[in-house]
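The block underneath contains the structure these notes are about, expressed in C-alpha cells.
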Amino acid sequence: ISTLILAEHEDGAIKPSSLSAVAAAGALSEGNSISILLAGAGPSLEEAASHAASIHPLISQVLVANTDKLRYPLAEPWAELVHLVQQKGGYSHIIAASSSFGKNILPRAAALLDKSPITDVTDISGPQLFVRPIYAGNALCTVRYTGGDPCMLTIRSTSFPVPSVSDDSKSNAATISQVDLSTFNEDAVGKSRYVKLTSQDTERPDLGNARIVVTGGRALKSAENFKLIEKLAEKLGAAVGATRAAVDSGFVPNELQVGQTGKIVAPDLYMAFGVSGAIQHLAGIRDSKVIVAVNKDADAPIFQVADYGLVADLFEVLPELLEKLPEKK
Amino acid sequence: MKIMVALKRVIDYAVKIRVKPDKSGVETSNVKMSMNPFCEIALEEALRIKESGLASEVIAVSMGPAQCVDTLRTGLAMGADRAIHVDTSSTLYPLSVAKLLKALVDTEKPGLLILGKQAIDDDCNQTGQMLAGLLNWPQGTFASKVVLDKEKQVATVDREVDGGLETLCLDLPAVITTDLRLNQPRYATLPNIMKAKSKVIKKVTPAELKVEIKSDMEIVEVTEPPKRKAGVIVSSVDELIDKLKNEAHVI
C-alpha cells in the first residue's frame, strides 16, 4: 500500500487539514508508504516542502511541482498533475482533505484516471472499507471500494485529528524531490484563470480547527448585533461561526457558514446563540464535544442535541456572559 | 448558445429520512421526492442567462427510473425549453452520470453546463468536476456569482471557498456548479405548468449513448448515526458558566 496526499500549503507550511489526510493514510494500514504532493511557485513552496518533510514520521517522500502554471490551486492543472504523478508512482490510494481545494480537484483527477472517488470519509475500517455520512449526516454509509488502483478519497479532517509529534521523531526527515513536468499535459491549462481571492483577515482561530466555536443565527437580527458574537469569541479565544440564515441575511461572510454545505466543525465547545437547529446545520456540528444552545424558543430542535440549554433572550445572555466569563488565558 | 442543466430527483429536503431496518439503505417508498435544491439553483441560473439574451435554449437532463420524468416536468414548468431523460434502473454513481452527460454534450453541443454542486441525498459533490475533467473543459465549482461575456466567450465566476470568495475567469465552454447563494429559484406558475405538458421529453438509454454503467463501489450497510444524549436545561448564565467550568471543563 502506498498513498499520495494532495496537500495544501500556506505561508511556507502544510495546512492542518492536509496533515489530517496524513493521519487518515496512517489508518489505512501499517507500513503504508506516504508521499505528499505539493504544488505552487516561488520560495514559499520550497519552505512548505521542508516543513512537510519533517512534520510527521509517517511521511516518506515529498514531491514538489514548482511551476508558474500551478501558482494558484486551480483544478485543471492540478488534475493533470495528479494524473502524471499517478502514472509514474502507481499509488494504491490518493487522499485529499474535504476542503474546498480537495473537493474541487480530487473528483476531476479521478475522472482522468477513470475511477470513482469516495467523498467525506469519516472512518476507515480497512484499506478498501470506508464510512461516510449521507443525507446531511442523518445516515452513515459503509462502502467497499471494488475498483482498481488508485482508490481515491476525500476525508473529513475533523474525523482524523493529527497526533502531536515529538521533536525527536521529527528529525527523521523525508526525501524531497521535484516532479518531472516535461510530459505535463497542458490541454486544459490556461482555460481557467485566477483573478482574485476576497477574504477577511482576522486574528481569530480558523473555524475548522478551533477549540471553541461561537455561532450566531438569524435571531441576531443584524450585522451590528452579530458583533456581540464576535466579542464573546474574542473573550474565549474562539472562532466565529454562523448559520445559513445569518449568512444569507448578510450579517457575516459566507466562509463562516457551518453545516451540510458549509464548514464541518468538531470543537471541544460549540456555543449556539439564536440558532434553531435545522438538520443541515446540525450536520455540521454533531461531532462537537460539548454543545451549548441559547434560544428564546424552548421548542427549538437545537435543544435536542445540546448538552447545556438555556431558554432565554440572547440579547440578555450575551452581555451577561461577556461580563462574567473569565478572560482567556 | 445552448445551456445544459442536470436535474436530480431526490428525497425532498424537508423530509426526515428513515434508515431501513435491514440496513440496506434509506426508505424511499411513499416518501415525497423533489428536485435537488442545488439543481433548482442551476436551472434558475440557466433561465436567467437565457432571459438576459445570452443563451438560446435551456436543456434539462435527468437520469434514473421513469419517475425522473416528474422532475423534468417541474424543470420544464420552471422554464426549460426541452428535456432529456436517460432511462435506467441501474444504480448510478457520479462517474457514470458524468460519462452519460458527456455523451449528451457530444451530440447537443451546449456552450455551458450548469450543475448543482452536490445532491442532498448522497452528498457526493463530484459530478460537475468529473464531467469537466472528461470534457477537458474548465470548471467553476461552488459558484455564488456568474457573469457571462458573450463577446470574449468567457465566464467570470465567484466561488465560495474555505478562505472566502475566489474569482476565476473561464473560457467557454465550461462547467459551473452552483452554491446556495447564487440565486433564489422561481416557482412554476400554473400557466407554465400547463404549458410544460406539451414540451418534449426525449428518452434515451445508456446503451444508445454507448456508455457502460459500471460500479467501483458496493454499499455494505447504511446505519443511523449515534444519537447525542439529551442534555440539561440550565436556568441562568451563572449556572451555565459553572457547568462549563466545573462539569464539562471546557472553559
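The values are calculated or read from the model by the stated rules, or taken from the named source; none is laboratory data. Treat the numbers as computed from the prediction; the structure is a model and nothing was measured. Ideal geometry is used to build each Cβ from the backbone, glycine not excepted, and the neighbour counts take in all protein chains shown.
Any idea which of (1) in the same structural domain as A:LYS296 (by TED's automatic domain parsing); (2) crowded, with 23+ Cβ neighbours inside 10 Å; (3) touching a helix residue (DSSP H, G or I) at 6+ places or on another chain (Cβ under 8 Å) is the one A:SER192 doesn't satisfy?
(1)
Which residue out of B:THR177, B:THR156 is polar (S, T, N, Q) and either out of contact with any Phe, Trp or Tyr (no Cβ under 8 Å at 6 or more places or on another chain) or farther than 26 Å from B:SER34 by Cβ (or both)?
The unique qualifying residue is B:THR156.
Could you list all residues from the range A:287-320 that are of a type outside the set (Gly, Ala, Ser), facing chain B (nearest Cβ under 9 Å) and within 30 Å of the chain's Cα centre (by Cα)?
If the condition is that a residue be of a type outside the set (Gly, Ala, Ser), facing chain B (nearest Cβ under 9 Å) and within 30 Å of the chain's Cα centre (by Cα), then A:LYS289, A:VAL290, A:ILE291, A:VAL292, A:VAL294, A:PHE303, A:GLN304, A:VAL305, A:ASP307, A:TYR308 are the ones that fit.
Restricting the search to the range A:18-49, which residues are touching a strand residue (DSSP E or B) at 6+ places or on another chain (Cβ under 7 Å) and hydroxyl-bearing (Ser, Thr, Tyr)?
Selection gives A:SER18, A:SER20, A:SER33, A:SER35.
List every residue pair whose Cβ atoms sit under 6 Å apart, with the two residues 6 or more apart in sequence or on different chains, where the first one lies in the range B:192-221 and is more than 14 Å from every other protein chain (Cβ to nearest Cβ) and the second, anywhere, is among the hydroxyl-bearing types (Ser, Thr, Tyr) and part of a loop (DSSP other than H, G, I, E, B).
Hits for this filter: B:PRO206/B:THR88.
What single numbered condition from (1) modelled with pLDDT of 95 or more; (2) within 11 Å of another protein chain (Cβ to nearest Cβ) fails to hold for A:ALA283?
(1)
Scan the range B:174-191 and report the pairs whose first residue is within 9 Å of chain A (Cβ to nearest Cβ) and whose second residue is buried (at least 23 other Cβ atoms within 10 Å of the Cβ) and part of a strand (DSSP E or B), with Cβ atoms within less than 7 Å and a gap of 6+ or a chain change.
B:ALA174/B:LEU112; B:ALA174/B:GLN139; B:ALA174/B:GLY140; B:ALA174/B:ALA155; B:ASP179/B:PHE142; B:ASP179/B:ALA143; B:ASP179/B:GLU160
Could you grab me the full set of residues in the range B:49-68 that are surrounded by fewer than 18 Cβ atoms within 10 Å (Cβ to Cβ) and assigned to a helix (DSSP H, G or I)?
B:GLU51
Output yes when any residue across the range A:98-109 is farther than 29 Å from A:ASN254 by Cβ and either modelled with pLDDT under 95 or within 9 Å of chain B (Cβ to nearest Cβ) (or both), and no when none is.
No: zero hits.
Each row is one residue, and each column tells you yes or no for (1) buried (at least 18 other Cβ atoms within 10 Å of the Cβ); (2) in contact with a Gly (Cβ under 8 Å, 6 or more places away or on another chain); (3) facing chain A (nearest Cβ under 7 Å).
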position	(1), (2), (3)
B:VAL147	no, no, no
B:VAL154	yes, no, no
B:ARG228	no, no, yes
B:GLU239	no, no, no
B:HIS249	no, no, no
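Which numbered condition in (1) more than 7 Å from chain B (Cβ to nearest Cβ); (2) under 28 Å from A:GLY284 (Cα atoms) is the only one that A:ASP149 fails?
So A:ASP149 meets the others, but not (2).
Look through B:THR141, B:THR127, B:THR167 and report the one residue that is hydroxyl-bearing (Ser, Thr, Tyr), over 22 Å from A:ALA110 (Cα atoms) and within 12 Å of chain A (Cβ to nearest Cβ).
B:THR167
Which of the residues belonging to the range B:89-109 are more than 14 Å from every other protein chain (Cβ to nearest Cβ) and surrounded by 20 or more Cβ atoms within 10 Å (Cβ to Cβ)?
Answer for the range B:89-109, where residues must be more than 14 Å from every other protein chain (Cβ to nearest Cβ) and surrounded by 20 or more Cβ atoms within 10 Å (Cβ to Cβ): just B:LEU104.
With the structure loaded, tell me whether A:ILE285 is surrounded by fewer than 21 Cβ atoms within 10 Å (Cβ to Cβ) and of a type in the set (A, V, I, L, M) or whether it fails that test.
In short, no.
Take B:GLU51 and decide whether it is touching a residue at least 40 places away in the same chain (Cβ under 8 Å) and among the charged types (D, E, K, R).
In short, no.
I'd like the full set of residues that are within 14 Å of chain B (Cβ to nearest Cβ), closer than 23 Å to B:GLY163 by Cα and buried (at least 18 other Cβ atoms within 10 Å of the Cβ), limited to the range A:48-80.
Result: A:LYS69, A:TYR72, A:PRO73, A:LEU74, A:ALA75, A:GLU76, A:PRO77, A:TRP78, A:ALA79.
One residue is enough: does the range A:213-222 have a residue meeting the conditions in contact with a Ser or Thr (Cβ under 9 Å, 6 or more places away or on another chain), over 24 Å from A:GLU320 (Cβ atoms), outside the structural domain of A:SER159 (by TED's automatic domain parsing) and charged (D, E, K, R)?
no
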